[in-house]
1. Want the number for residue 70 to residue 104: 0.36 nm per residue separation, take away the alpha-carbon distance, what's left?
2. So which of 26/165; 77/175; 70/165; 34/59 end up more than 29 Å apart, counting from Cα to Cα?
3. Rounded to the nearest Å, what's the spacing between the alpha carbon centres of the stretch 98-114 and the stretch 46-93? Just the number, please.
4. Averaged per residue, what accessible area in Å² does the stretch 33-94 show with a 1.4 Å probe, protein chains only?
5. What nm distance separates the two modelled labels at residue 173 and residue 41, each placed 7 Å from Cα along Cα→Cβ?
Amino acid sequence: SPSMAGASPTTMPSPSSSDNIQIDPKSEEYVRLKERVLLLERVILHTIGFELSIDHPYKFLVDCVQNMNKKRSIEGKDGQPVGKSAQMIQELAQNAMNFANDSMHTTLCLQFTANEIAMACVYLSGKYSGIRPVGGKPWIELLDGITVEELTSISIQILELVQPKKGMDSEMAFKMIRKDLDDMAREGAAAPDAKRQKTN
């Protein structure tokens, strides 16, 4: 990639090619683009209510993993209790943290609460790590404060971001996660009162 040293502030690298776009700072086009950027910046600030701080999902996801471990409500894919393996708990928490980091590259923090994002990250981590609820329960029963629709929306947005990074060998895992989400949505539609309301 070409060095940015010595580049003028009005020379920007094109995201799709190595060509540079030259804009004369005295031109009408430059003034128009500058005014447009400033206008859109004000629109964004107004839309988010000038709230520039956000809650991060990390604390919520650590609490969720610890609670699931204490309640012995999750197990490994071989049926082994997760509580007996510190490595499995660590893997679940670390993968959830990785998904939470990935969520920061999206607009999820504007669409959902930090707790909802954390629950989706724990769900994705469990699916990715091969950890499942004890007794064949659906994940949605273990995740407090989130509906199937919210879980699906958050999970899909994160998966759409990370799938290209993970490569072809993880495509099957993502298809399985999508199938699980679809199954939960169908089961939720069949039983309208089952976990459709948030638990506070």
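The values are calculated or read from the model by the stated rules, or taken from the named source; none is laboratory data. No experiment lies behind these values; they were computed from the predicted model shown. All Cβ positions, even for glycine, are placed from backbone atoms using ideal geometry, and neighbour counts span all protein chains on display. We work out accessible area using only protein heavy atoms, side chains counted, and drop any ligands, DNA or RNA first. Shrake-Rupley method; radii C 1.70, N 1.55, O 1.52, S 1.80 Å.
1. 9.4 nm is the gain from fully extending residue 70 to residue 104.
2. 26/165; 70/165; 34/59
3. 15
4. Heavy-atom accessible area per residue stands at 76 Å².
5. 4.0
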